[in-house]
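Since the structure comes first, as structure tokens, the remarks are kept for the end.
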Amino acid sequence: MIALVNPHATNWRYRIPLSLLSIGASLEGRYSYDILDGNIDRDIATTLTKLIVERSIRYVGFTVMPGPQLHQSILLSRMIRERFPSVKIIWGGYFPTLHTNVVLRAPYVDFVIRDQGNLSFRSLIDSLEIGGDLSLIRGLSYKAGSIQHNQKQELIDPNDLPPLPYSKLNITPYIGKTYLGTRTVNYHSSVGCPFLCGFCAVAAVYKARWIGLAPERIANDLVWFKKNFNVNAVEFHDNNFFTSERRTFEFAERIVGQDFGWWGEARPDTMLQYDDATWKMLQRSGCKMIFFGAESSSQQVLNLMNKGGTQTPDTVLALVDKMKFYKIVPELSFVLGNPTNSVQDDLEQDIHYIRKIKEINPESEIVIYTYSPVHFQESDLFHASQSQGFQFPEKLDDWLLPQWQLHDLRKNPVTPWLKRNNIALIKNFERVLNAYSPTNSDLKLTRFRRQLLHLLGSWRYKMKIYTAPYELAVMQRLFRYRQPEIEGF
Ligand code: B12
Ligand code: SF4
């Protein structure tokens with residue numbers, strides 16, 4: 001009766017579609033539903049069409065994040081509307097939460113569930129099936145003459161939610177070899193984040209709220225994965241896994257001796273304040289790499305971003321130094337090309353800073369994004385972007401245009417303040433850096449190729465000559481080696 005669709009987001013198929021499993025969990029025992037995953041099924045349009053006919057599907061829910069997933073969501077929703085006009089189409093996830101009006105103005109989307117959809121989706125189906133007042137469903141937006149937005153959803157504690165119905169999927173194809181281990185699974189252990197960084201969709205949606213699952217539940221789930229699927233590594237997809245030191249410690253303590261390799265996302269200032277005992281426990285528990293938002297070398301830019309907490313450029317330098325001791329790899333993400341009046345100078349300073357990080361801790365992995373604005377009304381950074389002429393598309397179909405797809409991937413944003421030379425500097429530096437120091441997380445890159453790349457990238461890196469690295473572009477095409485950000489978040 002209900003189809004939940006994860007449109008194609010990545011060629012890397014090792015991602016259990018957790019968003020849909022968590023929506024499915026609330027439907028268990030009440031409504032029949034199927035989950036379709038475009039990352040695994042490359043002909044999802046045919047599968048969906050067949051399913052709608054054979055199982056009399058009346059509702060199709062899409063999970064939508066920007067990028068290729070948005071693209072396929074639009075195409076599939078249009079197709080359903082044309083061929084099965086009575087089927088109701090419901091969008092949920094980050095994109096419709098932040099662009100609700102644009103989404104609902106499209107004739108092929110009927111409802112948007114904003115924020116966490118666990119309770120609202122089921123209430124919506126109840127209302128449509130047995131009757132009920134739509135205006136009482138929290139987090140729901142819909143069309144009733146004009147577009148209506150119901151009250152915001154209260155933060156739902158994940159500890160109060162039912163376990164994920166993993167049996168709904170064939171889990172085996174989602175378990176894969178990564179830098180962390182031979183059988184890696186993805187897991188989500190908390191919701192939101194306590195901070196309000198101006199470029200971040202999580203801040204825009206959760207408004208500085210965070211709740212984590214109890215360490216016991218996380219550890220039990222992982223042990224279940226180990227027992228049933230021989231899993232030996234975990235990627236935590238939380239926005240800020242390490243928010244609570246106590247939770248981190250307890251979780252790590254519980255999995256010591258289980259032989260897991262694991263990875264999660266953190267803030268540099270939070271981790272710098274962690275006790276040495278916690279760091280030791282992290283090391284013992286198999287934590288191999290931690291992803292940090294370093295963002296910028298400039299305190300002014302960090303202020304403009306509203307990075308908050310006690311994070312400064314020096315925090316990151318101290319942290320990467322400290323992590324050498326514990327042999328945990330820092331993976332540092334940067335958001336370059338912000339709307340300041342000194343873009344080129346900022347970039348040059350950022351490059352200098354990244355080089356310094358690599359000097360302090362050569363194991364550091366560097367992930368470079370170009371700032372692409374997030375629809376965050378209360379953010380100074382978003383206002384600065386608007387005052388420099390940035391505007392989101394007003395029609396959903398416009399997001400299909402190639403420039404908006406590149407924008408979504410944070411590769412070539414539609415940002416008026418970034419000139420060609422700014423973008424070229426970012427890309428060229430990234431290319432040289434990735435050759436000089438190829439990411440360790442790319443398992444396909446053999447030792448020989450790694451050494452060859454290093455050799456080719458070295459002279460440029462050492463001489464600081466980043467312009468026109470054509471030979472490295474050829475190598476990249478030849479070896480198809482991974483830039484750390486390609487499967488990033
Ligand atoms: C896993 C992941 C991916 C995977 C793909 C997953 C997939 N669907 O196949 C990969 C790595 C490929 C990926 C890529 C990208 N991602 Co991504 N990704 C995530 C991540 C880390 C976890 C998502 C998840 O599973 N969460 C767990 C579930 C339980 O939570 P949830 O998804 O929020 O779902 C809840 C609600 O949103 C809602 N909901 C969600 N879907 C639906 C559907 C319906 C019908 C309903 C009713 C409700 C509903 O209810 C759910 C339960 O409460 C999130 C950050 C995060 N921690 O959430 C970023 C995140 C969603 N990604 C983001 C981005 C920007 C990207 C990229 C576009 C950019 C990039 N270069 O990284 C790319 C490109 C995407 C593409 N190729 O289309 C941003 C979105 C920002 C925005 N402006 O909207 C996020 C928030 C990261 C961030 N901190 O900025 N991503
Ligand atoms: S700390 Fe990270 S997850 Fe939290 S609001 Fe800032 S960028 Fe987003």
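The values are calculated or read from the model by the stated rules, or taken from the named source; none is laboratory data. Note that the structure is a prediction, hence the values are computed from the model and not measured. Cβ placement follows ideal geometry from the backbone for every residue including glycine, while neighbour counts extend to all protein chains displayed.
Select, from V109, V102, the only residue that is surrounded by 24 or more Cβ atoms within 10 Å (Cβ to Cβ), more than 9 Å from ligand 1 (Cβ to nearest atom) and in contact (Cβ under 8 Å) with a residue 12 or more places away in the chain. It would help to see each step written out before you state the result.
Details: V102 fails: surrounded by 24 or more Cβ atoms within 10 Å (Cβ to Cβ).
Within the list V109, V102, the selection yields V109.
Here K50 meets the list (1) more than 16 Å from ligand 2 (Cβ to nearest atom); (2) within 20 Å of the chain's Cα centre (by Cα) almost entirely, failing just condition (2). Of all residues in region 355-393, none satisfies the criterion of being in a helix (DSSP H, G or I), small (G, A, S) and either more than 18 Å from N303 (Cα to Cα) or not assigned by TED's automatic domain parsing to the domain that holds Q300 (or both).
When region 271-310 is filtered for residues that are closer than 19 Å to H352 by Cβ and assigned to a loop (DSSP other than H, G, I, E, B), the ones remaining, listed by number, are S296, S297, S298. Condition first: surrounded by fewer than 17 Cβ atoms within 10 Å (Cβ to Cβ), more than 29 Å from Y371 (Cβ to Cβ) and either more than 16 Å from ligand 1 (Cβ to nearest atom) or not assigned by TED's automatic domain parsing to the domain that holds R15 (or both). Can you find one or more residues in region 302-319 that meet it? Checked region 302-319: no residue is surrounded by fewer than 17 Cβ atoms within 10 Å (Cβ to Cβ), more than 29 Å from Y371 (Cβ to Cβ) and either more than 16 Å from ligand 1 (Cβ to nearest atom) or not assigned by TED's automatic domain parsing to the domain that holds R15 (or both). Only one of the listed residues (Y108, Y94, Y59, Y33) is closer than 19 Å to Q151 by Cα, outside the structural domain of G198 (by TED's automatic domain parsing) and either in contact with a helix residue (DSSP H, G or I) (Cβ under 9 Å, 6 or more places away or on another chain) or modelled with pLDDT under 95 (or both). That residue is Y94. The residues listed here are S56, S77; of these, the one that is within 13 Å of ligand 1 (Cβ to nearest atom) and either assigned to a helix (DSSP H, G or I) or under 24 Å from R30 (Cα atoms) (or both) is S77.
Taken over region 142-162, the residue count meeting the criterion of being over 28 Å from L213 (Cα atoms) and not hydrophobic (A, V, I, L, M, F, W, C) is 6. When we screen G181, G176 for residues that are away from ligand 1 (no atom under 15 Å from the Cβ) and closer than 21 Å to E331 by Cβ, the only hit is G181.
For region 322-354, the set of residues classified as in contact (Cβ under 8 Å) with a residue 12 or more places away in the chain and either assigned to a strand (DSSP E or B) or polar (S, T, N, Q) (or both) consists of V329, P330, E331, L332, S333, F334, V335, L336, N338, T340, Q344, Q349, listed by residue number. Considering the conditions (1) buried (at least 16 other Cβ atoms within 10 Å of the Cβ); (2) closer than 21 Å to N434 by Cα; (3) over 23 Å from the mean Cα position of the chain (by Cα), P362 is excluded by exactly one of them, (1). Taking each residue of region 262-281 that is closer than 15 Å to Y326 by Cα and modelled with pLDDT of 95 or more and looking for partners that are of a type in the set (S, T, Y) and surrounded by fewer than 18 Cβ atoms within 10 Å (Cβ to Cβ) with beta-carbon atoms closer than 6 Å, six or more apart or interchain, yields W279/Y326.
None of E28, E54 is touching a residue at least 24 places away in the same chain (Cβ under 8 Å) and of a type in the set (D, E) except E28.
Out of all the residues in region 148-161, is one or more part of a helix (DSSP H, G or I), within 13 Å of ligand 1 (Cβ to nearest atom), closer than 20 Å to T63 by Cβ and outside the structural domain of Q258 (by TED's automatic domain parsing)? Looking for residues that are part of a helix (DSSP H, G or I), within 13 Å of ligand 1 (Cβ to nearest atom), closer than 20 Å to T63 by Cβ and outside the structural domain of Q258 (by TED's automatic domain parsing), one finds at least one in region 148-161, hence yes. Restricting region 432-489 to residues that are in a helix (DSSP H, G or I), more than 26 Å from E265 (Cα to Cα) and among the small types (G, A, S), the residue that is modelled with the lowest pLDDT is A473.
Return a yes/no flag: does region 199-221 have any residue that is crowded, with 21+ Cβ neighbours inside 10 Å, within 14 Å of ligand 2 (Cβ to nearest atom), in a loop (DSSP other than H, G, I, E, B) and not aliphatic (A, V, I, L, M). Checked region 199-221: at least one residue is crowded, with 21+ Cβ neighbours inside 10 Å, within 14 Å of ligand 2 (Cβ to nearest atom), in a loop (DSSP other than H, G, I, E, B) and not aliphatic (A, V, I, L, M).
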